[in-house]
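Read through the structure below, which is laid out as structure tokens, and then see the notes.
The values are calculated or read from the model by the stated rules, or taken from the named source; none is laboratory data. Everything numeric in this text was worked out from a predicted model, so none of it was measured. Neighbour counts are summed over all protein chains in view; Cβ atoms, including those assigned to glycine, are modelled from backbone coordinates with ideal geometry.
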Amino acid sequence: MAADRRLLRLQEALRRCSAQPANRVVTMVARVTPAPGVGIRDLPALDPGAGIAGGTVLPTWIAGGALEIVTWNTGEASDLRRYGNRSHAEAQFYEFMRDRDFTSIEIEISHSPCTACADMLAGLLNSMKARAASVLRGPNRRVGKRILVGSATDTARPIPATLRWGTLFETPPQATTPQSLRQLQAAGWRMAAPRTAIPNDAGTPAITLL
Ligand SMILES: [Zn+2]
């Protein structure tokens, strides 16, 4: 199934990605800055027995240097009970990024994230924001017998984070929910999707129309 034609960055990344296995339902690309010294590499699949790679890292010189991480689902939807979301495209990406710092992140994915992946992506951004804030924590100072602990400043540069998808993921039991989208929004993700890919339910947060 081809990704929505409005997801131009995903279309372009998939064209450049020679390693994509056939018949992947969910595909995604994440562009993160800055680009650390990482060369082109394939990512192993997270779920045991997948028999295919989980994705590819494509360094690019766009925007002063960025990494594009292309991933896809490595299993079937029916694997959910056995492996959780470990076969999902977002999980392959998360495994690569979880310990890496970034200053901006932009994702285009064929389908909206399931509840488990939404949780994961919110956590990724929250933990990066926490690391960025702690770097800016002022030094401790000694005044007489007292030690004044440096306070965290709120001047940490915001981390631009956008998430665009083409189709609403509606497969139980982890279909995208308004609550999981609110969780993403609260973490700082700005979201965009076609009207048909946005839940109709009350409580859906503001999502830009693609
Ligand atoms: Zn998922």
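Quick rundown of the values:
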{"item": "Of all residues in the stretch 175-210 being under 18 Å from the mean Cα position of the chain (by Cα) and part of a strand (DSSP E or B), the one that is nearest to ILE105 (Cα to Cα)", "result": "ARG190"}
{"item": "Test: residue in the stretch 157-173 that is within 15 Å of the ligand (Cβ to nearest atom), under 17 Å from LEU121 (Cβ atoms) and in a loop (DSSP other than H, G, I, E, B)", "result": "yes"}
{"item": "Residue check, ALA50 out of contact with any His (no Cβ under 7 Å at 6 or more places or on another chain), crowded, with 19+ Cβ neighbours inside 10 Å and modelled with pLDDT of 90 or more", "result": "no"}
{"item": "Only one of GLU95, GLU90, GLU106 that is under 26 Å from THR204 (Cβ atoms), charged (D, E, K, R) and within 16 Å of the ligand (Cβ to nearest atom)", "result": "GLU90"}
{"item": "Among (1) touching a strand residue (DSSP E or B) at 6+ places or on another chain (Cβ under 7 Å); (2) under 30 Å from GLY37 (Cβ atoms); (3) surrounded by fewer than 19 Cβ atoms within 10 Å (Cβ to Cβ), the one test that ASN140 misses", "result": "(2)"}
{"item": "Candidates ALA175, ALA202, ALA197, ALA193, filtered to the one that is small (Gly, Ala, Ser), at pLDDT below 95 and closer than 26 Å to GLY84 by Cα", "result": "ALA175"}
{"item": "The stretch 118-135: number of residues that are modelled with pLDDT under 75 and surrounded by 14 or more Cβ atoms within 10 Å (Cβ to Cβ)", "result": "0"}
{"item": "Pairs where the first residue, in the stretch 84-103, is at positive phi and the second is of a type in the set (A, V, I, L, M, F, W, C) and at pLDDT 90 or above, C-beta under 9 Å, 6+ apart", "result": "GLY84/ALA91; GLY84/ALA116"}
{"item": "Among (1) in contact with a Gly (Cβ under 9 Å, 6 or more places away or on another chain); (2) surrounded by fewer than 16 Cβ atoms within 10 Å (Cβ to Cβ), the one test that ALA35 misses", "result": "(2)"}
{"item": "Count of residues meeting criterion [more than 9 Å from the ligand (Cβ to nearest atom), closer than 25 Å to ARG5 by Cα and in a helix (DSSP H, G or I)] in the stretch 109-135", "result": "1"}
